[in-house]
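Novice: Supplied in structure tokens, the structure appears directly below.
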């Protein structure tokens, strides 16, 4: 699976751009502020239905325009994806049919990002790691999405009942669905972590030569089941107006040689570990699903010395994913693989021959 063609309209500074992508490696060169990152962001939006730069998707619309459009053609299997972001809402089209969902985009175009903020996967809050974990589980555990949706619907209803001061019976009425969905989410996460850990270690060996351990905290006390935790925490939930126990409170702790990574590593090492997490996950998703992942790599040289930059780019280009990587100048990165080059200047994208 590879993104063969990409068309962008009124997306940030990219007024109109169209490109035919290389199935393995694409290098996007240009000065700062020319639109390189916006091009990566457009691909990310096409595969995720959200931005990695703007909290609200409408923030990608070019100044003075009413909407932004990203359209992509995928090969093996063939598919056409489109997303139109308007100030009044978003429309997703799959193979020309409207009414598509973000989960359908994600299933068709598995997009991962390695950017200067990838260290937040290690240093940031638990929500960052839960999102990372669930993206991978979604792609390899086919009943995960249904379980997650069932859990989230029940959680939202239970929280609404808590905020309204509803009776204990009304609050408890949502718990069977919550528990059933939570059981699927929790078990699939645990299985996935066990599966991905050996692959992740191979990438950490390339970059850091340390032992990495993923420790999953389920979101309620060890040794108790979730039903017990909900009963024990009923008064606290009513005080907070929200459910305090469940997989939405889970944490993925990352240990390096037995010590929490956030306390042991330097900023540059955090970046390398974050990249290893992304690459390991991409590798496993490709192995299990048979889908080629899309890796977006923005400013890889930031905070890395020449040796570690070379190691990172070798890991990226050897990953089997379709890669889009930015650089200030064509030829500035230590990459010798066959690739297609593009130049971005003042929002215009051209092919480098």
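Novice: Going through 297, 288 one at a time, which residue ends up being surrounded by 21 or more Cβ atoms within 10 Å (Cβ to Cβ) and under 20 Å from residue 106 (Cβ atoms)?
Specialist: Result of the check over 297, 288: 297.
Novice: While we're on this one: Select from the range 204-231 the residues that are surrounded by 14 or more Cβ atoms within 10 Å (Cβ to Cβ) and more than 21 Å from residue 190 (Cβ to Cβ) and list them in ascending order.
Specialist: 206, 207, 208, 210
Novice: I would also like to ask the following. Could you tell me whether residue 82 is under 21 Å from residue 57 (Cα atoms), surrounded by fewer than 14 Cβ atoms within 10 Å (Cβ to Cβ) and not assigned by TED's automatic domain parsing to the domain that holds residue 233?
Specialist: no
Novice: Among (1) surrounded by fewer than 18 Cβ atoms within 10 Å (Cβ to Cβ); (2) without any contact (Cβ under 8 Å) to a residue 60 or more places away in the chain, there is one condition residue 120 misses while meeting the rest; what is its number?
Specialist: (2)
Novice: Would you mention how many residues in the range 1-51 are in contact (Cβ under 8 Å) with a residue 24 or more places away in the chain and part of a loop (DSSP other than H, G, I, E, B)?
Specialist: Of the residues in that region, 14 qualify.
Novice: Quick check on this structure: which one of 162, 133, 155 is touching a strand residue (DSSP E or B) at 6+ places or on another chain (Cβ under 6 Å), at pLDDT 95 or above and either part of a helix (DSSP H, G or I) or surrounded by fewer than 16 Cβ atoms within 10 Å (Cβ to Cβ) (or both)?
Specialist: Result of the check over 162, 133, 155: 133.
Novice: Also: Scanning for something at pLDDT below 95 and either touching a strand residue (DSSP E or B) at 6+ places or on another chain (Cβ under 8 Å) or assigned by TED's automatic domain parsing to the domain that holds residue 327 (or both), does the range 38-46 turn up at least one residue?
Specialist: Just the residues of the range 38-46 that are at pLDDT below 95, to begin with: none.
No, the range 38-46 has no match at all.
Novice: Continuing with the same structure: Out of the range 85-103, which residues are touching a strand residue (DSSP E or B) at 6+ places or on another chain (Cβ under 8 Å), without any contact (Cβ under 8 Å) to a residue 40 or more places away in the chain and not in a loop (DSSP other than H, G, I, E, B)?
Specialist: Result: 86, 91, 93, 94.
Matching residues to (1) in the same structural domain as residue 4 (by TED's automatic domain parsing); (2) within 10 Å of the chain's Cα centre (by Cα); (3) closer than 27 Å to residue 84 by Cα:
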residue: 102; (1), (2), (3): yes, no, yes
residue: 106; (1), (2), (3): yes, yes, yes
residue: 124; (1), (2), (3): no, no, no
residue: 128; (1), (2), (3): no, yes, yes
residue: 132; (1), (2), (3): no, yes, yes
residue: 135; (1), (2), (3): no, yes, yes
residue: 139; (1), (2), (3): no, no, yes
residue: 145; (1), (2), (3): no, no, yes
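The values are calculated or read from the model by the stated rules, or taken from the named source; none is laboratory data. Given the structure is predicted, the values throughout are model-derived calculations rather than measurements. Positions of Cβ are generated from backbone atoms using ideal geometry, with glycine treated the same way; all protein chains shown enter the neighbour counts.
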